[in-house]
Amino acid sequence: MRQIYIIALNTFREGVRNRVFASLIAFAVCLLFLTLAVSQASLHEEVRLVKDMGLFLCSTFSSLICIFIGVNLVYKEVERKTIYTILPKPIYRWQFLLGKYFGIGVTMAVQVAIMGLVLFGQFLALDAEFGLLMVKAIWLIYVEVMVVGAVALFFSSFSTPFLSGLLTLGVFVVGRFGDRIATMRLSEDTNAATQADPFVAFLKAAAAAAPDLSQFNVTAYVVYESSLPFSYVYHATAAGFAYAGVVLVLASMAFARRDFT
Amino acid sequence: MHTGPVLTLDDLHKSFDLGFLGSMPFIGSAFGGLGIKGIGHRVDALRGLSLAVEPGEIFGFLGPNGAGKTTAIKMLMGLIRPTRGSGTLLGRPLGDRDARNRLGYLPEQPYFYEHLAPLEFLDFYGGLFPMTAGERRKRALALIDRVGLTHAINRPIRKFSKGMVQRIGIAQALINDPELVVLDEPMSGLDPLGRKEVRDLIYELRTKGKTVFFSSHILQDVEQISDRVAIIVKGKLHRIGPVAELLESPTAGVEVVLRAVSEAALPSLSGLATAAVSLQGEWRYHLTATDSVDGFIRCALELGASVVSVIPHRRSLEEIFVEEASRA
């Protein structure tokens, strides 16, 4: 456990000192402030707009930032050869990967927290109640980010950043729209032959394998102030981390077989 | 502490599958055997390497570029898996975690986390071992002092010179007070003073009972400090043994330097030696093993010359190295 902690701490320190990471957060925060400005153009729907756009930006940017960090994590260690002095130490390869994952976890927790604080500030400015519903929504954004991070780390364990980024982005998009892909039809034609289109079949297979990221999107509940029970949050959290766990096991298996020449 | 050889390699083989298809993850090995360069072909980096390193010795591991030295060392470190064969480190199989607790390693041209300063850096590596925070700090400060980096203790590594990076790299290899220290090209990029410091450090490790296994291209350094050396060429072991034995040559001969050699003495002395050359008032005579050194010196003294030096001519490690590399 000590080794995992050491790697995680170093990953976090490296992450927060990364200028690109800081720039991306700053950019996302600026966009959040923009929502406040845009909301002024709405007809007394400022709070609703801030909730909707704010959560969308928080979720999307957090996931994209996590993909950016995640796909570079292992690749950079191998490219810069810093891994050559770590793996010969008494640390299992899976401990190294898990440490990297927890390192992203802490880094992204800081990032999501910053965006959450900005949103909180916007609510204060609008004299609106932040509420428990927003906290649940932000927590689920964080869980979504951790699922995406696990996928990015998986691809990063054996592929280049560009390919890893493409594949993770693909999984992210399919995961976000998985519920719609599952019921997708190319046309209204009910002919079985048309329904057996290979492209649709591929998308449905991809959607089945990809994580269901739509379950972490509770913006509708927040915007319309519907009840979101804790049981939903628990189940979504458990499902998210269970998926991440499976992906991390696969990543460890791929990483364990790798030669570092 | 482990008894018996600290390091053994037993018929180690390593093949790399290269080319566009050959280098693909998971499926590359299926295409490596195609033998089509660029698409899928196989390169044998190690072809049955076997050797053993005894406790407490300084072992030099030599070979030309591409011989397989770094591949072999990386296999010892668990960075690369052997295709075939086995090995042990401190009595444990390769890759064993217990063995890695007692091992120190410095890779070739090391790279480290540049945002860390020496103390944080050594604390990071020390944290991977079962050491308390207090032990880590104490050990880190002692090592920073030992490698001469106290003046840069708070400087991030990205501001270090190459020599300083090498020194902090050696420090991280020693953070756990290892029994076996493996150094891949530890003198690479260092100036003569830096190389001397590394040599002194290696000697010091031996006096403390540690075993040092290192590879280097700087043959004078290897010859100077190694107890035994192994020469590997194209993935195969060519020579192994104590340095003194490898350098011994029955036909090497002796060089005798004389001063105050009179004109009259020259013919007699030249007759007793195989070759002679005059340099700045001194005469250098080369005597082969068949010539009588005692007889030559006695004659020189009788003829009024004075003996400046008598130096046995040995083969150099470089000569042996070039010979083995050419033979392969």
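Relative to the longest principal axis of the Cα atoms of chain B, the long axis of helix B:162-173 lies at roughly 70 degrees. Calculated on C-alpha atoms, the gyration radius of the stretch B:27-141 divided by its Kirkwood radius gives an Rg/Rh of 1.05. Principal-axis analysis of the Cα atoms of chain B puts helix B:317-327 at an angle of about 70° to the longest axis.
Remark: mean inter-chain Cβ contacts per residue of A:142-149 equal 0, using a 10 Å Cβ-Cβ cutoff to other protein chain atoms. Computed over the stretch A:80-124, the P(r) curve from all C-alpha pair distances, binned at 5 Å from the origin, holds 6, 18, 15, 16, 11, 10, 8, 7, 5, 3, 0 percent per bin.
Of all the options A:153, A:117, A:167, the one that moves most in a Gaussian network model of chain A with Cα springs shorter than 10 angstrom is A:117. The alpha-carbon of residue B:234 sits under 23 angstrom from the alpha-carbons of these lysines, leaving out residues fewer than 8 places away in its chain: B:14, B:37, B:69, B:74. Think of the stretch A:2-256 as having a plus end and a minus end, set by charges on the Cβ of Lys, Arg, Asp and Glu; of A:152, A:10, A:102, A:10 sits farthest toward the positive end of this dipole. When you filter the trypsin sites (Lys or Arg not before Pro) in the stretch B:184-253 for DSSP loop state and at most 12 other Cβ atoms inside 10 Å of their Cβ, you are left with B:208. Compute the Cα gyration tensor for chain A, then decide on rounded, prolate or oblate, letting a ≥ b ≥ c be the square roots of its eigenvalues: rounded whenever a/c is under 1.5, prolate when a/b is larger than b/c in the other cases, and oblate in all that remain. Oblate shape, in that a/c is at least 1.5 and b/c is the bigger or equal ratio. For chain A, modelled as a GNM whose springs connect Cα atoms under 10 angstrom apart, the maximal fluctuation among A:107, A:35, A:82 occurs at A:82. Using Cα springs under 10 Å in a Gaussian network model of chain A, which residue among A:218, A:173, A:247 shows the largest mean-square fluctuation? Taking springs between Cα atoms under 10 Å, the residue moving most is A:173.
Each Cα pair under 8 Å and six or more residues apart adds its separation to the average, and for the stretch A:49-132 the resulting relative contact order is 41 percent. Contact residues in the stretch A:1-24 (at least 20 Å² less accessible area with all protein chains than alone, 1.4 Å probe): A:2, A:3, A:6, A:10, A:13, A:14, A:17. Per residue, the average separation of C-alpha pairs within less than 8 Å and at least 6 apart gives chain B a relative contact order of 18 percent.
Of the accessible area of chain B, with the probe set at 1.4 angstrom, what percent is carbon plus sulfur?
Details: 7940 of 15010 Å².
Answer for chain B: carbon and sulfur cover 53 percent of the accessible area.
Of all DSSP beta bridges located in the protein assembly as shown, what percent are antiparallel, nearest 5? Antiparallel bridges make up about 70 percent of those DSSP assigns within the protein assembly as shown. Over all distinct Cα-Cα pairs of the protein assembly as shown, the Kirkwood formula returns a hydrodynamic radius of 28.7 Å.
When the stretch A:2-256 is described by a simple charge dipole with +1 on each Lys and Arg Cβ and -1 on each Asp and Glu Cβ, the residue from A:137, A:88, A:200 located farthest towards its positive end is A:88. Take the accessible area of chain A alone and of chain B alone, subtract that of the pair, and you get about 3100 Å² summed over both chains, using a 1.4 Å probe. Rounded to the nearest 500, the 222 nm mean residue ellipticity of chain A from helices alone is -25500 deg cm²/dmol, with -39,500 (n - 2.57) taken per DSSP H run of at least 4 residues.
Here the accessible area of the stretch A:2-256 is 70 percent carbon and sulfur, with a 1.4 angstrom probe and all protein chains present. Per-residue ellipticity at 222 nm from helix content only, as computed over chain B with -39500 (n - 2.57) for each DSSP H run of at least four residues, stands at -9500 deg cm²/dmol.
Net charge in the neighbourhood of residue A:161 (other residues with Cβ under 15 Å of its Cβ; Lys, Arg +1, Asp, Glu -1) is +1.
If I take R0 = 22 Å and measure r between the Cβ atoms of residue A:76 and residue A:27 in this structure, what FRET efficiency does the formula 1/(1 + (r/R0)^6) give, to the nearest 0.05?
Efficiency computed from Cβ-Cβ geometry: 0.55.
Rolling a 1.4 angstrom probe over the protein heavy atoms with all chains in place gives the protein assembly as shown an accessible area of 46 Å² per residue. Near the amide H of residue B:308, within less than 5 Å, lie the amide hydrogens of B:257, B:258, B:259, all on another chain or at least 5 residues away, with H placed in the peptide plane. Burial here means at least 20 square angstrom less accessible surface with every protein chain in place than with the chain by itself, probed at 1.4 Å; in the stretch B:79-93 the buried residues are B:79, B:80, B:81.
Per-residue mean of foreign Cβ neighbours for B:108-114 is 5 (Cβ atoms of other chains, 10 Å radius).
The values are calculated or read from the model by the stated rules, or taken from the named source; none is laboratory data. Only a predicted model underlies this, so the values are computations on that prediction, with no experimental measurement involved. As a convention, Cβ positions derive from the backbone with ideal geometry for all residues, glycine included, and neighbour counts pool all protein chains shown. What goes into the accessible areas is simple: the full protein's heavy atoms, side chains included, and nothing from ligands, DNA or RNA. Shrake-Rupley method; radii C 1.70, N 1.55, O 1.52, S 1.80 Å.
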